[in-house]
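Q: If you scroll down you'll find the structure; I have some questions about it.
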Amino acid sequence: MRVHVTDLKPGDLLKNDVYNSSGLHMLMKGSLLSEDDITKLLQHGIDYADVEHTTSNLHSDTQTMPSDQTRLLTTLFDDTIKGTESLFQQAMEKGFIDEAQVDEILINLTTQLEKQKDVVSLLLMLDGDNDYTYNHSLQVGMLAFYIAGWMGYNPEECLTVAKAGYLHDIGKSKISPEMLHKPGKLTPEEFEEMKKHTLYGYEIVKESTQDEILATVALQHHEREDGSGYPYGLKGNDIHPYARITAVADVYSAMTTNRVYQTKQELISVLCELYSLSFGQLNGEATQELIKHMLPNFIGKRVLLTSGETGIIVMNNPADYFLPLVQTSTAFIDLAKERDIAIVEIYIQ
């Protein structure tokens, strides 16, 4: 049924993907509309949407209040990070991990991720003080899961990609903590040792799961499309498709997370950097899907600007998707025109 946006109600189910006039993907087919989604459509000047029904009560039992969702996801993420720490400890002490524990973690995680469309909010929820390696493993598994789905992989394949992404850095369990947490730049000798985490990861995952694909992702997630990566300098199609997806998730997570030697970068500006990397180092399709599906999630988010003002992102700029329109208490600021102003931080609420 084709319905005017002003007649949409929370709980309505989208029958088709929704795009704005510039061709930017706004909402995915099968989404249960929320108040924020409807506001997003209005802000982008979208007049009509195709929905399966217009009775929000039909899905009222399956929808959770935002505060309840936040508590549920926060608990899930905390439990996942604790489980990840346990797995790294196993790998360090025994050289293998409990695959049944990995599967339990991934099933619990992906079951909830399937219900969540706002990936930006999920990433902001994970912006905590947890150990970088464990938090990063969770983020990469999560992003790899979403990217695979956006690329059209079936649910079973998406779960495998999530598992591969989640385990991609398990080889770091064999790297000394002093090197992992060194605040300064690694020496050439230290960097050569650090690069071995891909080889260690292959051995641990293969020993633990007997799965060549999962092990290959651990081995290849630092390979690059142009051959500039490691450990073997593979190019393009010589890199496993799941490793190419994981590489995109890995780079995005690493650049947007605080590390002992690196301050996190703002989420939208990193998408812009990824866009540049997709023309050489990172797989273009996986990167484009991440960008296309992440950008609409920024609309409605509160931000801090370099001017000291706070505001709300109200629209992605059709001339430059990475420089949105921000509404402050006193004005609308077009970051594509006001080049001396930039976003410093994005808040979950």
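The values are calculated or read from the model by the stated rules, or taken from the named source; none is laboratory data. Everything numeric here is computed off the predicted structure, so don't read it as measured data. Glycine gets a Cβ as well: all are built from the backbone with ideal geometry, and neighbour counts include every protein chain shown. SASA here: full protein model, heavy atoms, side chains in, ligands and nucleic acids out. Shrake-Rupley method; radii C 1.70, N 1.55, O 1.52, S 1.80 Å.
Q: Which pairs do you get when a residue that is under 14 Å from Gly300 (Cα atoms) and modelled with pLDDT under 95, found in the stretch 327-338, comes within reach of a residue that is surrounded by fewer than 11 Cβ atoms within 10 Å (Cβ to Cβ) and not small (Gly, Ala, Ser), reach meaning Cβ atoms under 7 angstrom, with the pair 6+ apart or on two chains?
A: Cβ pairs passing all conditions: none.
Q: Still on this structure: From the list Ile313, Ile291, exactly one residue is open to solvent by less than 20 Å² (accessible area, probe 1.4 Å) and in a strand (DSSP E or B). Which is it? If you could, list the steps in order and put the result at the bottom.
A: On the way: Ile291 fails: in a strand (DSSP E or B).
Just one listed residue meets the conditions, Ile313.
Q: Restricting attention to the stretch 178-190, which residues are under 18 Å from Gly229 (Cβ atoms) and open to solvent by less than 90 Å² (accessible area, probe 1.4 Å)? Steps first, please.
A: Step one: list which residues in the stretch 178-190 are under 18 Å from Gly229 (Cβ atoms), which gives 186, 188.
Selection gives Leu186 alone.
Q: Restricting to the stretch 207-245, what's the tally of residues that are small (Gly, Ala, Ser), assigned to a helix (DSSP H, G or I) and surrounded by fewer than 19 Cβ atoms within 10 Å (Cβ to Cβ)?
A: Narrowing the stretch 207-245 to residues small (Gly, Ala, Ser): 208, 215, 218, 227-229, 233, 236, 243.
Still in the list and also assigned to a helix (DSSP H, G or I): 208, 215, 218, 236, 243.
Now narrow it down to the ones that are surrounded by fewer than 19 Cβ atoms within 10 Å (Cβ to Cβ): 236.
Summing the residues that are small (Gly, Ala, Ser), assigned to a helix (DSSP H, G or I) and surrounded by fewer than 19 Cβ atoms within 10 Å (Cβ to Cβ) in the stretch 207-245 gives 1.
Q: Would you pick out the residues in the stretch 295-305 that are at pLDDT 95 or above and closer than 17 Å to Met151 by Cβ?
A: Within the stretch 295-305, none qualify.
Q: Quickly run through the stretch 321-349 and pick out the residues that are within 21 Å of the chain's Cα centre (by Cα) and surrounded by fewer than 16 Cβ atoms within 10 Å (Cβ to Cβ). Lay out the reasoning, then the answer.
A: In the first step, residues of the stretch 321-349 are kept if they are within 21 Å of the chain's Cα centre (by Cα); the result is 321-324, 343-349.
Hits for the stretch 321-349 are Val344, Glu345, Tyr347, Ile348, Gln349.
Q: Residues Lys196, Lys174, Lys163: which one is touching a Phe, Trp or Tyr at 6+ places or on another chain (Cβ under 7 Å) and either of a type outside the set (A, V, I, L, M, F, W, C) or surrounded by fewer than 24 Cβ atoms within 10 Å (Cβ to Cβ) (or both)?
A: Values: Lys196 fails: touching a Phe, Trp or Tyr at 6+ places or on another chain (Cβ under 7 Å); Lys163 fails: touching a Phe, Trp or Tyr at 6+ places or on another chain (Cβ under 7 Å).
Result of the check over Lys196, Lys174, Lys163: Lys174.
Q: Then there is this: With respect to Leu124, is the statement that it is in a helix (DSSP H, G or I) and modelled with pLDDT under 80 true?
A: no
Q: Considering only the stretch 259-292, state which residues are modelled with pLDDT of 95 or more, of a type outside the set (A, V, I, L, M, F, W, C) and under 19 Å from Tyr19 (Cα atoms).
A: Result: Glu285, Thr287, Gln288, Glu289.
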